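Here is the structure we will look at, set down as structure tokens.
What follows draws every value from the coordinates through simple rules; no lab data is involved. For clarity, every value in this text was computed on a predicted model and none was experimentally measured. All Cβ positions, even for glycine, are placed from backbone atoms using ideal geometry, and neighbour counts span all protein chains on display.
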Amino acid sequence: MALYDADSALLHDAAAALAPRAQALAAAGVAEPEFVANGLHGLRIGRSLLHTVTDADWIIDASGGDGAARVRFLEQVEQVARRAAVTTSAAGGLELPPSHRGITTELAARLRHPDRFLTLHAAAPVERVPIIELMPGPLTDPRCVEDVQHWIRALRRAPIVLERETPVSAAERIVAAVWRECTALVLEGIVAPGDVERLLGAVLAPAWLPHDVAADEGRMRSAFAARLQSIQATWPALSTAAGLDAETVARVVRRVVAADSEQRAD
């Protein structure tokens, strides 16, 4: 396993934070201590992009920035990676121009081998939430999807493959829908903000504010404004259906029953 960032300060901080976080997972029983120890022992810090990815089977892009910067970076990765390597890119928080195309298609726009690429979305905190969405594009090789699922399961995570790519991840749409309703309930004076989390419970609660800023009013205001701004950017992608006609209801029922039958058969 190799770690790389063009910003040496960020790379140093990431390397320093990795061991304590991994060891905390082992202590909490989330990861096998032997697995963590072997991973940390084999970790190396990449001196350059070439040095980092040249022998990699799976390249995980977790870079930030807007979509254009990410597209350029992925193009650079492809130039130095093995042809057989699979590259995945984190979809969370990605800034892309308005488009009807999916995230994977947008990011693979300048790749020579888009069949070796797909996007991932992991809910935060990544080490505590096991679900990871896989969003292959129309050109993604199904064998790459199978390989990534295998690797994710080896990390004791649970992959979910989306049947069709979208401008935002499925999890982001669910979270945005919950936030929209929670915001409306508060604005309409129906539910107090503190009671929203109590109503939804620990699993679906929108967590209005991060716990580490709760003691600082200035940081609370800033954190909530940033979170709300980020969430509402996803609202245009949500369904606006006011109801379902009989044909749509029947289609949903057929899919649910079929999925349940398949699960029972397995």
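For a quick check of your reading of the filter: which GluC sites (Glu not before Pro) in segment 1-91 sit in a DSSP loop and have no more than 13 other Cβ atoms within 10 Å? Write out the running numbers ahead of the final one.
Details: sites: 34, 75, 78; in loops: none.
Sparse-neighbourhood loop GluC sites (Glu not before Pro): none present.
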Exercise. Taking every DSSP beta bridge that has both residues in the chain, what percent is antiparallel when rounded to the nearest 5?
Worked result: 25 percent
Seminar exercise, completed: Connecting every pair of Cα atoms under 10 Å apart in the chain and solving the GNM, the largest mean-square fluctuation among 119, 248, 140 falls on 248
Exercise. Which of 80, 53, 168 moves most in a GNM of the chain, Cα contacts under 10 Å?
Worked result: 80
Exercise. For the chain, modelled as a GNM with alpha-carbon contacts under 10 angstrom, which of 27, 176, 237 fluctuates the most?
Worked result: 27
Seminar exercise, completed: Rg/Rh over Cα atoms for segment 122-169, Kirkwood Rh, comes to 0.98
